[in-house]
1. If I take every Cα pair under 8 Å that is 6 or more residues apart in the stretch 2-129, average their sequence separation and divide by the length, what percent do I get for the relative contact order?
2. Taking only Cα atoms and a 10 Å spring cutoff, compute GNM fluctuations for the chain and point out the largest among 188, 110, 178.
3. Using the number of other C-beta atoms within 10 angstrom as an exposure proxy, rank 55, 200 with the fewest first.
4. Consider just the alpha-carbon atoms of the stretch 2-129 and return their Rg together with their Dmax, both in angstrom.
5. How far apart, in nm, are the 7 Å Cα→Cβ label points at residue 208 and residue 87?
6. Testing the spin-label approximation: label points 7 Å from Cα along Cα→Cβ at residue 125 and residue 8. State their distance in nm.
7. State, as an integer percentage, the relative contact order of the stretch 147-261 based on alpha-carbon contacts under 8 Å between residues 6 or more apart.
8. With each pseudo-label sitting 7 Å past Cα toward Cβ, what's the residue 183-residue 201 distance in nm, one decimal?
């Protein structure tokens, strides 16, 4: 039997009660008030997966839920304290060989593969899963707010704290690509007055194609150029937008400085 969504009870094995020992907490708790971070993580439906960890911090589970409430994908992520996703070959990544949570199985080095992967096939066991395109976070927030699309779920969560005037959502594949040119995406974005795209510097061409696709379907879409903060001395020699935003914060700049840098303000701040 084919299914296009994962039932809610299949992700309840992953707890959402305590974020203190997660990689998300390692990244966010030193930079934002803990209660604000935990509220944001719960709002986005983030959960904990203690089958794998990085330097003692557990992986997080990111549900991609469409506006009709269906879970279209579930991603597992291990992220470092600087915002980078744990890369292939990093022997500090550890995992258990089990599908159970809170297992007594030993943690073993797991350097193989980038630590950002879909669990959809595992969670849809017994069914033939058919992927549906969906943006992380598109199911939350007031629909009268403009939507800002980034390519990293953790960046979406961070920016939802810094600039809550927007609905911050993320692509699934860490980039804009042609798979986003889907009627499923149009359905979830339907009725939006404004959509702003935030591609990385090396992903602008693909983002432009997606922007044109949205425009063709009557959705007002604009695109921000990441190169505008590329040469800021306070962002350091960092490759990705999330690194630059964290660098700005760590150098003592305000939320308003980030809002200005990302062209999010309307009028005076």
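1. Here the relative contact order equals 27 percent.
2. For the chain, modelled as a Gaussian network with Cα springs under 10 Å, the answer is 178.
3. So the residues, fewest neighbours to most, are 55, 200.
4. 14.6, 44
5. 2.8
6. Distance between the two pseudo-spin positions: 2.3 nm.
7. 23
8. Spacing of the two 7 Å Cα→Cβ label points: 4.0 nm.
Read-outs throughout are calculated quantities, based only on the coordinates presented, and are distinct from any laboratory measurement. Please read these numbers as outputs of a predicted model, since none were measured by experiment. When we count neighbours, we look across all protein chains shown, and the Cβ atoms used for this are built from the backbone with ideal geometry, even at glycine.
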